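All remarks here apply to the structure that follows.
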Amino acid sequence: MKDSQYPIHERLPFASLLTMAAGSLDAYSYLAHGQVFAGLQTGNLILFGIHLGRLEFANAFHYVLSILAFFVGTILIRILQYRFADMPTPVYRQRWILTGAIIFLMIGWVASYVAPSIVVIMFLSMAAAAELQEFRKLKGAAFTPLMMTGNLRKLAEASFDSIFYKKVLAYQRVKDTTIILISFAVGALLSGLAVLWLNVNAIVLPILILISAIIVLNHGYNN
C-alpha cells in the first residue's frame, strides 16, 4: 500500500517526527539532567542496577523515580484512550495526548530553574510515556518511536528478506526503518548540540518537534 493509504498517524513523515522528538528528549534528559533517560527505561534499569551494585543508593533512586513516572504517565494516557474510545476518528485523542506531552515538557522546563533534576525527569518521562502509549504503528506494522533495538532488528530482518528473497515489501521496510533510525539519531545529535548552547533551555527542541507533529496530524486529517 502507498503511504497515503494509511491514516496520517501511521505514515512515515509523522512517525519520523515522533522518533526525532524521542531521540532529542532522551539525549536532552541524559545530558542536562543527571544521565537519566526520559523514555529509554531499559537504559534506566541497567543504570539502576549498576549504581545499586556499587551501593550508590542516591543515584540509583533517580532511575527508580523516572521508571515510576513513566509508569504513571502510561496509566494517565490509558485513561484518555478509554475516555475518547467512542470518537469517530483518533485525531481528537491524539491531539490531546500530544498537547499533554508538550505541557509535561513545558512544566519540566520551568521546573529546571526551581527544582532538582529528578523532578524535571519525572515530567519528561511522563511525556515520553504519552508518545509511546499512543503511537505504536507505522503503516499497519508494530512500531516504537522510543526504543531503537526493535527497529534495528526489523531493519536486519527486512534487509535479509529483500536481498536474498527479493521481497518488495521487505525492501520498503528497509527504507522506512532506515529513515526511522536516522531520525532518532538526528534528534539526539541536535539535542546534544542544543544542550551545549542552551543548557536546560534545549528542551525547546523536542517541544518544537512535537508541535510540528501536531501540525502534520491536523493537516493530514483535514485533507
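Throughout, read-outs are computed from the coordinates displayed, never taken from laboratory work. Just so you know, these numbers come straight off a predicted model, no measurement behind them. Note that we place each Cβ from the backbone using ideal geometry, even for glycine, and neighbour counts take in every protein chain shown.
For this structure, a couple of remarks:
- Placing +1 on the Cβ of every Lys and Arg and -1 on the Cβ of every Asp and Glu, with nothing else charged, gives the chain a dipole about its Cα centre of roughly 540 debye.
- 0 to 90° range, to nearest 10: angle between helix 204-221 axis and the chain longest Cα axis: 30
- Nearest 10 degrees, 0 to 90: helix 168-198 Cα axis against the chain principal axis: 30
- Net charge contributed by nearby residues that have their C-beta within less than 15 Å of Gln35 (K/R +1, D/E -1): -1
- Highest-fluctuation residue, Leu98, Leu169, Leu132 considered, GNM on the chain with Cα pairs under 10 Å: Leu169
- The H on the amide N of Lys137, modeled in the peptide plane, is under 5 Å from the matching H of Phe143, each at least 5 residues off or on a different chain.
- Taking the longest Cα principal axis of the chain as reference, the axis of helix 57-83 is set at about 40 degrees.
- Long-range lysine pairs (8 or more apart or interchain), the chain, Cα under 15 Å: 9
- Neighbour net charge for Pro206 - beta-carbon separation under 15 angstrom, K R +1, D E -1: -2
- Residues listed by number, the stretch 52-86, amide nitrogen under 19 Å from Trp96 label point at 7 Å toward C-beta: 72-86
- Summing charges over all other residues whose Cβ lies under 14 Å from the Cβ of Tyr165, with Lys and Arg as +1 and Asp and Glu as -1, gives +1.
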